[in-house]
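S.K.: The structure follows.
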2 protein chains.
Amino acid sequence: MTTVGKSHSRTAQALREALEDDIATGRYPPGSRLDEVTLANRFAVSRTPIREALIELSMAGLVEIRPHRGTFVRDIGIPRLVEMFQVMAELEAMCVRLACRRMTAEEQHALQEAHAACVSAAETGSPDNYFHANERFHEAIYVGSHNSFLAEQARALQNRLKAYRRLQLRVRNRVRNSLSEHQAIVDAVLAGDAERAENVLRSHILIQGERFNDFVASLGDARKIG
Amino acid sequence: MTTVGKSHSRTAQALREALEDDIATGRYPPGSRLDEVTLANRFAVSRTPIREALIELSMAGLVEIRPHRGTFVRDIGIPRLVEMFQVMAELEAMCVRLACRRMTAEEQHALQEAHAACVSAAETGSPDNYFHANERFHEAIYVGSHNSFLAEQARALQNRLKAYRRLQLRVRNRVRNSLSEHQAIVDAVLAGDAERAENVLRSHILIQGERFNDFVASLGDARKIG
DNA sequence: TCAATCAACTTTGTATACAATCGATAGGCG
DNA sequence: CGCCTATCGATTGTATACAAAGTTGATTGA
């Protein structure tokens, strides 16, 4: 039985985050069924907040609710995953294009800081540390776009792809390559070269969707990580 | 008291659509409060499906749920609206870029058909007819992208902007200009000129967010339409 | 008279009870 | 023996009841 933090004062929201994490870490693999009463027992709450959390997850596209049948973790096929990364790449490209001409000096500094944090996280060798530093790096670009709606969309999609991006980091040399791509992005942004920044960032994202030989290979180990 | 179609077998989903429409048509203006018991009475259901529908709406960004305070129709300010149209423009540009090299002959034909329908709808003079024909035109482009995830995202955002796009059509000469832009898009797609198609479509969307003198002026009449 | 505090009411959040629908299994029919 | 059908069980969907939090108003004190 798991207890859930009440920071939000709404149990459903906390439940959603807990379930998100469980799905991302593979505790509930794609295609598996999320039984309401089982979940209610596990979290020691009634079915009501569980249902509300499941609805939020279905709106986020993480699960599919089939009426009168149950909710299942969506099995995102490889082709669809590629599609999602393509859209993600375009959103991030748009962010950095805007960021190039809109970032304040402080925001540029924050971007450099985030990049530095990525470098040191990579040196520690902990994939999880690098993962979070990487998220902060991209977040800095979202903020720099000065388009809050775009930033929200980018965050939402990044969240949906979280589990798969995490796996990507276990591909050979991925962290090292990711770092050099980040450096190129920072350089282009500081130089105000929107077109170059856009292209580098786009391929920085796309590469995760394209190199699927490595990806699928790493996917076999995915379940054990959780 | 309003009854709600049971086509989905899930009341909550039907309720969501009904509320979406009510928000879009201005029955519930931005900032207004959506009381659960009032809604439950209106639709002759209990609070449970109402709550579930409201959660779906909040996930879609249409309303904001403030814990223990209530749910309010989000007041989308003009600046945020511009941001949303910018993202919409980019999504559609991506769609048409992909569509240029992926559309089948049948899909190209469907696009031309949709454009023709727009022309005849414009001649009838009914703004609503043109609105729907216009939606089908853009839908043809989404489908033509052959990226189903992108298409879903585009549809979702188009839906969120529905109310405002509808108003745009009441701006002077907007329909006429819209038609000629559509023609240019069709020409570029058939010619396989991705870059040109992308640029035309992008500005076709952006113009709705940019010409806000007209837009705000028309906004005054918005509430009376619903 | 104004401000602060407290209490009652209103509304949301959660739990439980009831209804409806789906799936599986067993029995009958071809 | 196989397939179709009906009934039973399990699970979701909805309603209602209860709990907790917030807001509003009045009352009391300065």
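S.K.: Among what's in the stretch A:66-95 and is more than 8 Å from chain B (Cβ to nearest Cβ) and within 16 Å of DNA strand C (Cβ to nearest atom), pick the residue that is farthest from residue A:135 (Cα to Cα).
M.R.: Per the criteria, the residue is A:69.
S.K.: Okay, next question. Every residue in the stretch A:67-90 that is part of a helix (DSSP H, G or I) and under 21 Å from residue B:95 (Cβ atoms), please. Explain how you work it out, then say what you get.
M.R.: The initial filter retains those residues of the stretch A:67-90 that are part of a helix (DSSP H, G or I), namely A:78-90.
Within the stretch A:67-90, A:79, A:80, A:81, A:82, A:83, A:84, A:85, A:86, A:87, A:88, A:89, A:90 meet the criteria.
S.K.: Given the criteria within 15 Å of DNA strand C (Cβ to nearest atom) and surrounded by fewer than 21 Cβ atoms within 10 Å (Cβ to Cβ), does residue A:102 qualify? Quick ask: steps written out before the conclusion?
M.R.: Details: within 15 Å of DNA strand C (Cβ to nearest atom): no; surrounded by fewer than 21 Cβ atoms within 10 Å (Cβ to Cβ): yes.
The answer is no for residue A:102.
S.K.: Let me spell it out: the conditions are (1) part of a helix (DSSP H, G or I); (2) outside the structural domain of residue B:149 (by TED's automatic domain parsing), and residue B:107 meets all of them except one. Which number is the exception?
M.R.: Against the list (1) part of a helix (DSSP H, G or I); (2) outside the structural domain of residue B:149 (by TED's automatic domain parsing), residue B:107 comes up short only on (2).
S.K.: Can you give me the ranges of the helices (runs of 4 or more DSSP H) entirely in the stretch B:116-193 with at least 2 residues that are over 30 Å from residue B:75 (Cα atoms)?
M.R.: The helices (runs of 4 or more DSSP H) meeting that bar are B:127-144, B:174-191.
S.K.: Would a scan of the stretch A:20-35 turn up a residue that is modelled with pLDDT of 95 or more, within 14 Å of chain B (Cβ to nearest Cβ) and under 22 Å from the mean Cα position of the chain (by Cα)?
M.R.: There is no residue in the stretch A:20-35 that is modelled with pLDDT of 95 or more, within 14 Å of chain B (Cβ to nearest Cβ) and under 22 Å from the mean Cα position of the chain (by Cα).
S.K.: All but one of (1) outside any helix (DSSP H, G or I); (2) more than 30 Å from residue A:207 (Cα to Cα) hold for residue A:38; which doesn't?
M.R.: So residue A:38 meets the others, but not (1).
S.K.: Which numbered condition in (1) within 20 Å of residue A:27 (Cα to Cα); (2) more than 14 Å from chain B (Cβ to nearest Cβ); (3) small (Gly, Ala, Ser) is the only one that residue A:60 fails?
M.R.: (2)
The values are calculated or read from the model by the stated rules, or taken from the named source; none is laboratory data. This structure is a prediction, so every number in the text was calculated from the model and none was measured. Here the Cβ is made from the backbone with ideal geometry for all residues, glycine too, and neighbour counts use every protein chain on show.
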